[in-house]
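Any read-out appearing in this document is the output of simple, stated calculations on the displayed coordinates, not a laboratory observation. Only a predicted model underlies this, so the values are computations on that prediction, with no experimental measurement involved. So basically every Cβ, Gly included, is an ideal-geometry build from the backbone, and we count neighbours across all protein chains shown.
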Amino acid sequence: MTEETTTPEVDYTGAVALAYVHSERVSYSWHHSIVELMAFDFANDCRIARGGFIGMHCGTDGLVDARNETIRTFLEERQAEWLFWVDTDMGFSPDTLARLLQVADPEHRPIVGALAFSQRQTALDGWGGWRTSATPTLFDWEEIDGKSGFTVRFDYARNTVTAVKGTGSACILIHRRVFEAIADKFGPVWYQRIPNPSMGKMTSEDLSFCMRAGALGIPVHVHTGVQATHHKPVWLQEDDYLRQRAVDAEIARQAEARAEAPASESLLLPDGDA
């Protein structure tokens, strides 16, 4: 006599769908981080194991369509509460998702991003390359001289959860109800780019998503204590070397000053951290 076995029903409470848009190549830092993340997930709450993966190929239709198709798949074919976007050129610690979930809330903090940096091309270098700089992906909305748009928050509070008007989608946790609310109001155009007539430009797909969320009164936050790396090319030259030497010298000076200070004395660093 054969015993019948039944597959236990999956509890999707707190489950997370891991989502990414990919081409034929990914950064090794992303691969390494995903392996570590899954090991952490299996050893703890199995949130991703229950929520599943959504890997969407970025084809000729581009990034916007790939992101939108990912959300359609999430809403129609997955039961997870949360979606965790991680771009394939990011690096992050195994507990990144767990730490974002610690501060996230379906009502009060339904969108929480990690601290990531984009690469801004600031000037031509004269030899066919660019001078570049790291830019935090924390954005406010400002109106200046009749023009309005997102501005970078260069001076941000460290190791805290801070409200922003926009952030990128490179490493971000989003609750299901956000996508449902946007679809109910605007249709299935979560990441469709929005024109900015005052600037004569199109808003990026991730900030367009934040604009739609903001229009519905849905808050956006970034946890600056949860950080990620971003794999980008740079053109190195002597200015970079000299700047690096100056920064290293200042760090060494501060470390020496701390070592020589009495135990009861607190030294205030330039960025305001003791």
Alpha-carbon centroids, the stretch 26-55 and the stretch 120-145: separation in whole Å: 32 Å
Derived scalar couplings ³J(HN,Hα) [the stretch 73-82; Karplus, 6.51 cos²θ - 1.76 cosθ + 1.60; whole Hz; x for Gly, Pro]: 4, 4, 6, 8, 10, 10, 10, 5, 6, 10
Sequence ranges 134-140, 111-117, ranked by mean other-Cβ count within 10 angstrom, highest first: 111-117, 134-140
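So how do 36-46, 193-203 stack up, highest first, on mean other-Cβ count within 10 Å? Can you show the working numbers first?
Working: 36-46: 15.2, 193-203: 13.1.
Result, highest mean first: 36-46, 193-203.
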Quotient of Cα Rg and 2.2 N^0.38 Å for the stretch 46-162, N being how many residues it contains: 1.33
Ordering of 234-246, 12-24, 77-89 by packing [mean C-beta count within 10 Å, highest first]: 77-89, 12-24, 234-246
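For the stretch 30-77, what is Rg from Cα atoms divided by 2.2 N^0.38 Å, rounded to two decimals?
Values: Rg = 13.3 Å, N = 48, 2.2 N^0.38 = 9.6 Å.
In units of the globular-protein estimate, the stretch 30-77 measures up at 1.39.
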Relative contact order [Cα under 8 Å, 6+ residues apart], the chain, whole percent: 20 percent
Percentage of interatomic Cα-Cα distances in the stretch 87-242 larger than 22 Å: 47 percent
Directionally averaged projected area (convex hull, Cα atoms, the chain), nm²: 21.8 nm²
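Where does the charge balance sit around Ile54 when Lys and Arg score +1, Asp and Glu -1, over other residues with C-beta under 15 Å from its C-beta?
Working: positive: Arg47, Arg50, Arg67, Arg72, Arg78, Arg176; negative: Asp65, Glu69, Glu76, Glu77, Glu81, Asp87.
Taking every other residue near Ile54 into account, the sum is 0.
Can you give the local net charge around Arg25? Use residues other than it whose beta-carbon is closer than 15 angstrom to its beta-carbon, Lys and Arg +1, Asp and Glu -1.
Numbers: positive: Lys232; negative: Glu24, Asp87, Asp89.
Computed value for this residue: -2.
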Integer Hz, Karplus 6.51/-1.76/1.60 couplings in order for the stretch 171-183, x for Gly and Pro: 7, 8, 10, 9, 7, 4, 5, 5, 5, 5, 5, 5, 5
Choice from Thr224, Thr122, Thr167 with maximal GNM fluctuation in the chain (Cα, 10 Å cutoff): Thr122
